[in-house]
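J.: Below: one structure in structure tokens.
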Number of protein chains: 2
Amino acid sequence: MLRRGFQMAVILGHHGTLPGATHLLPRFNPASAFGSSTESLVSRFCQEMTKTKNYALPNASWGPDMLSLYHEFLEKTKTDGWVRVPSFRSNRDHIRGFKLPLELSANSDKSDWRLFTRCIEREGQGFEYVIFFQPSEKKSVCLFQPGPCLEGVPGFAHGGSLAALIDETFSKTACLSGEGLLTLNFNIRFKNLIPLGSLAVLNVNVEKIEDQKMYLSCVTQSRDQQTVYAKASGTFLQMQLEEESSQQ
Amino acid sequence: MLRRGFQMAVILGHHGTLPGATHLLPRFNPASAFGSSTESLVSRFCQEMTKTKNYALPNASWGPDMLSLYHEFLEKTKTDGWVRVPSFRSNRDHIRGFKLPLELSANSDKSDWRLFTRCIEREGQGFEYVIFFQPSEKKSVCLFQPGPCLEGVPGFAHGGSLAALIDETFSKTACLSGEGLLTLNFNIRFKNLIPLGSLAVLNVNVEKIEDQKMYLSCVTQSRDQQTVYAKASGTFLQMQLEEESSQQ
């Protein structure tokens, strides 16, 4: 426990500890942390980068349902304050210019990292998805078209693939809503299976933020809202990213 | 709800329904179902198939920890009744000769399905894992070495990748322990991050079987048991597979 526990204490910085962990850390001081507004977080983390591939753009594998709903939300980015969240190959690209309060020794010499939900390069085979975020309401919608490499029950998406994408959508939503960076817990109840190649819509809300913890919910359903695929909830821990320049 | 709900009623056959679903189906008759012994389920689903690649065998990417613990459990298959669970490209291979009580129209013309936890072909890049099952105690151990394509927090496995593999290990354990085939719900509490490339050990137990439902637990920890990475629980629905020959 010592080695990893120490690492977790580093991860958690001075803000707190994971439930059940034995490390006694200083109490959270709300005046000193999480001062970033949602607007500044969006402008910090939702920048398009011309040299970095954005996977949240349409490709030839997207079906008509996925494409038309994508364009509906793209319109809302122009009129209703929604933001299309870019999606890069690695979270290293997402937090460029910042770093986690964490000693990263493992695999630091490798360059083949991939964000798990972008692990399959070939278009249409794995996770096709795009997240739209609404800053003033602290909610997100993720359009998800599971490919044939996400199979569980033959012909349908593996429950673990949906769980992973909900966790990832929670993660991006929690980060943009107030530096919620680390999943503490996650619950999912499955209602119906998602056919591979079809569109599922993840509706994520930040329910409350309390004592460094952010509570999120998700209802995953068909576009016409007639079929609920799953309901989920999760808790994230708020942690401040440090600007790299201030550390160098 | 109608179209998918109907499909779910087909999936559930005559045995029951998902919690919260609105379909009124005949009550479960315990005398008529789940008569298969664990031994017969193991002999049915743990057969090695010479023409189908088994991904649960060592490859060059496995680290010393993963390899040595693999060989420890391989010894237990000779002396203590443990079974090495084969792992194929698709659940279609796992249930060969049988079929789910389900109309599979979606993607039935495709051949590029992959079980989600075997979605990354290149050795060492994604999920490297092997499951060992103990029939008499209805428990499993899964040895897991996450590759760089499973990243979440830079340098560490994405929480969703661990959730997915626990769900998959639950799924195989539930199937072998008594035809528990469909995940109803899944909960996970994260305690520490898993460094990419290291070994995590999933210890899965069937806690109880009641009213067609199988309750499972999982503790994921380091090999030396000094670091707990996550604790999880899940509920599976029992469903009988039908022999294909009886339907043709």
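J.: Can you compute the FRET efficiency between B:SER68 and A:LEU67 using 1/(1 + (r/R0)^6), with r the Cβ-Cβ distance and R0 = 51 Å? Round to the nearest 0.05.
T.: 0.55
J.: Going by Cα centres, region B:197-248 and region A:125-196 are how many Å apart?
T.: 22 Å
J.: Across the residues of B:142-152, average count of Cβ atoms on other protein chains within 10 Å?
T.: For peptide B:142-152, the averaged partner shielding equals 5.
J.: Within a 10 angstrom radius of each residue's Cβ in B:163-174, how many Cβ atoms of other chains show up on average? Whole number is fine.
T.: Mean number of neighbouring Cβ atoms from other chains: 4.
J.: If Lys and Arg each add +1 and Asp and Glu each add -1, what is the summed charge of the other residues whose beta carbon sits under 14 Å from the beta carbon of B:CYS218?
T.: Summing Lys/Arg as +1 and Asp/Glu as -1 gives +3.
J.: Can you tell me, using C-alpha contacts under 8 Å and at least 6 residues apart, the relative contact order of region A:144-241 as a whole percent?
T.: Relative contact order comes out at 32 percent.
J.: Along the charge dipole of region A:153-241, pointing to its positive end and built from +1/-1 on Cβ of Lys, Arg, Asp and Glu, which listed residue (A:VAL219, A:GLY155, A:GLY178) has its Cα farthest out?
T.: Going by the Cα projections, it comes out as A:GLY155.
J.: OK, next. To the nearest 0.05, how large is the calculated FRET efficiency for A:SER37 and A:GLU137 if R₀ is 22 Å and r is the Cβ-Cβ distance?
T.: E between A:SER37 and A:GLU137, to the nearest 0.05, is 0.90.
J.: Using just the alpha carbons, could you tell me how many Å³ per residue the convex hull of region A:137-189 encloses?
T.: Considering the Cα atoms of region A:137-189, their hull volume per residue is 94 Å³.
J.: Can you flag which of A:LYS208/B:LYS231; A:LYS76/A:LYS172; A:LYS213/B:LYS191; B:LYS208/B:LYS231 are past 21 Å Cα-Cα?
T.: The pairs that break the limit, which is 21 Å between Cα atoms, are A:LYS208/B:LYS231.
J.: Let me ask something else about it. Quick one: if the Förster radius is 56 Å, what FRET efficiency do A:ASP224 and B:GLU123 give, using the C-beta to C-beta distance and rounding to 0.05?
T.: Rounded to the nearest 0.05, the efficiency is 0.85.
J.: Counting pairwise Cα distances across region B:168-209, what percent come out greater than 12 angstrom?
T.: Percent of Cα pairs beyond 12 Å in region B:168-209: 70.
J.: Something else: Is there a simple number for the mean count of other chain Cβ atoms within 10 Å of the Cβ of residues in B:222-233, and what is it?
T.: Mean shielding by partner chains, rounded to a whole number: 3.
J.: For region A:176-248, what Kirkwood radius comes out of the mean inverse Cα-Cα distance, in Å?
T.: About 14.1 Å for region A:176-248.
Bear in mind these aren't lab numbers, they're just calculated from the coordinates by the rules spelled out. It should be emphasised that the depicted structure is a prediction, and the values quoted were computed from it without experimental measurement. A quick note on method: Cβ atoms are made from the backbone with ideal geometry, for glycine too, and the neighbour counts reach across all protein chains shown.
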